[in-house]
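Beneath this line is the structure, given in C-alpha cells, with notes to follow.
Taken together, the values in this text are just the output of simple stated rules run on the coordinates, not laboratory data. Since the model is a prediction, treat every value here as computed from it, not as a measurement. Quick reminder, even Gly has a Cβ in these numbers, built from the backbone with ideal geometry, and neighbours come from all protein chains shown.
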Amino acid sequence: METDRRDFIRTFSALAAAGVFSARMPWLSGLYAQEALRKVKLGMIGVGSRGSLLLTLLQEVPGVEITCFCDDYEPNFDRAQQMIGAGATGYTDYRKMLDQEQIDGVVIATPLDLHARMTIDALDAGLHVFCEKAMAKTYEECDLMLQAHRRNNKILYIGHQRLFSARTLKGIKEIERGSIGDVTQIRAYWHRNNDWRRPVPSPELERRINWRLYREYSCGLMTELASHHLQVANWILRENPDYVWGSGSINHWKDGREVYDNVNLVYHYPSGTHVVYDSLISNKKYGMQIEVQGPLGTIELETAYIFKEFPEPAPGILQLLNNIEKQVFDVVPVGGPTWVPEDPSEDRGTYLLERIIKSDGTDIQMASFVSDVRNNRLDPWLTEQGYSSGIATLMGYESMLSNRIVTWPEGLSL
C-alpha cells in the first residue's frame with residue numbers, strides 16, 4: 001500500500017541522508033537537514049490542472065501557508081478559492097498580487113508564453129520562484145530568467161521533477177558506479193494516444209484553453225514532454241548538446257492544431273554521444289522511457305530497472321529448452337556468409353529499489369522548494385538544469401521548423 005506523502009518524504013529523506021543516492025545530488029540535503037519549521041507563505045499564479053495538483057501537494061507539506069492566488073479564468077479561480085479557503089485572497093492580475101501581498105515566494109503554473117514575464121517580475125519583486133517546465137518559449141526569455149535569478153540572488157526552480165524521483169536518482173547512481181560501463185547512447189521516448197484537447201465551453205475560449213496546440217503559446221511535444229527527458233540526458237552526460245537535427249509533422253490529429261503530433265530528433269553531444277528522442281500522441285503501446293545504454297548493460301530510468309548485457313547463463317537444461325522453443329541452434333548460412341539472428345537480450349532486468357515507489361518526484365520537489373525557501377538556500381545548479389533543458393528543447397523545435405541542423409546558440413549566459 002502506498003504510504004502517506006509525508007511519511008514518504010521522511011523515508012526519502014532518510015534514504016538520501018544514508019547515502020543511497022549519489023553524492024553529486026546536493027540539492028537533496030535540504031530535505032533531511034534539521035531545521036525549524038518556520039511558516040512559509042506562498043502565492044499561486046495559475047491554478048488550472050497542473051496548478052491544482054501543485055497546490056494539493058503544497059498543502060500536504062508541513063509549515064506551508066497559501067495566502068493568495070491568481071487566475072483570470074473564472075472556473076479555475078473558483079476552484080482555487082474552494083481548495084484554499086476563504087482566508088486566501090484571490091486576484092485576476094498577478095502584478096497586483098505581487099505588489100500587495102507579503103509572501104516568501106510564488107508557484108507559477110501558467111501557459112508557456114507567460115513563464116518569462118511572470119518569473120522575472122516575481123524575482124524582481126524579491127520573491128523566490130517555482131516555475132513549471134519548460135523554462136520559457138524563446139532562447140532570449142530563458143536567458144532573461146537566468147539573469148533575473150542571478151541578479152536578485154533568489155531561488156528559481158524549474159519543474160523538472162525527475163531531479164527528485166527516487167527511480168531516476170537510484171538509476172543515475174548505478175550509472176555513476178559504472179554498472180553499464182561508459183554511456184554510449186541514450187534513447188528516450190514518450191508515447192500517448194489522445195488528441196491532447198480539453199473541453200471548451202465556448203468557441204472563443206478555444207485557443208485559451210487548448211493553448212498547447214497553438215504556436216503562439218506553445219512548442220507542443222517538445223516543451224511539454226521532451227524537456228523532461230532532455231534535462232535527464234544533460235544531467236547524465238554532464239554536458240549540453242552542441243547540435244541537433246529533427247523532423248516533425250501532423251500526420252494523425254488533423255483538427256486545426258498548429259503544433260506537431262509526432263516528433264523525431266537526434267541530439268549530438270561534444271563527447272560524441274547521441275540522444276535519440278521521439279514522441280507521438282497516436283499510439284501508447286510503449287509509453288515513456290529513458291534507456292541509458294552502455295557496453296555492459298542498459299538502465300531504464302522511468303521504471304528503475306537494469307538489464308545486463310551479459311547476464312549469467314541459465315542452467316544447461318533450461319538453456320536447451322529455450323533453444324528448442326525458439327528453434328535457435330547453430331549459425332545459419334544465408335547466401336554464403338554466416339548469419340546469426342540479433343535477438344534481444346533475454347535478461348528480464350533487476351529492479352534497483354527495495355520497494356515499489358509510485359511518486360514521480362513532484363511531491364518531493366515541492367517539499368524541497370519549501371525547505372529551500374524557508375532557509376533561503378540557493379542551488380544555482382538546479383536552475384541551470386532547467387535552463388539547459390529549456391535551450392536544448394528549443395533547439396530541437398527550431399530544427400524541426402526550419403528543416404536544418406541547429407547548433408547551441410551563441411551569446412547565452414551559460
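Once the other residues with Cβ under 14 Å from the Cβ of Asn193 are scored (Lys, Arg +1; Asp, Glu -1), what is the net sum?
Residues close to Asn193 contribute a combined charge of +2.
Listed here are the pairs Lys137/Lys358; Lys96/Lys154; Lys154/Lys358; Lys41/Lys154; which of them are more than 23 Å apart at the Cα?
Lys137/Lys358; Lys154/Lys358
Taking only the alpha carbons of the range 157-310, what extent do you get along each of the three principal axes, in Å, biggest first?
Principal axes ranked by extent give 56, 32, 30 Å for the Cα atoms.
Could you tell me which trypsin sites (Lys or Arg not before Pro) in the range 365-408 are loop residues by DSSP with no more than 11 other beta carbons within 10 angstrom of their beta carbon? Display every interim value, and only then the final one.
Numbers: sites: Arg374, Arg377, Arg404; in loops: Arg377, Arg404.
Counting only loop positions with at most 11 other Cβ atoms within 10 Å, the trypsin sites (Lys or Arg not before Pro) in the range 365-408 are Arg404.
Summing +1 for each Lys or Arg and -1 for each Asp or Glu, what net charge is found among the other residues whose Cβ lies under 11 Å from the Cβ of Asp71?
Result for the neighbourhood of Asp71: -3.
Between Gln147 and Arg377, what FRET efficiency follows from the Cβ-Cβ distance if R0 is 22 Å, with the result rounded to 0.05?
Step by step, r from the Cβ atoms, then E = 0.60.
Residue separation times 0.36 nm, minus the C-alpha to C-alpha distance between Glu206 and Lys285: what's the value? Can you show the working numbers first?
Details: separation 79, 0.36 × 79 = 28.44 nm, distance 2.95 nm.
Extra length from Glu206 to Lys285 when fully extended: 25.5 nm.
Treating each Cα of the range 136-233 as an identical point scatterer and ignoring solvent, apply the Debye formula and state log10 I(q)/I(0) at q = 0.12, 0.14 Å⁻¹.
Debye output, listed in q order: -0.64, -0.82.
Put a dot 7 Å past each Cα toward the Cβ at Glu65 and Lys39; how far apart are the dots in nm?
0.2
Starting from the Cα gyration tensor of the range 89-194, multiply each eigenvalue by 5, take the square root, and state the resulting semi-axes largest first in whole Å.
Ellipsoid half-lengths, sorted descending, are 34, 16, 14 Å.
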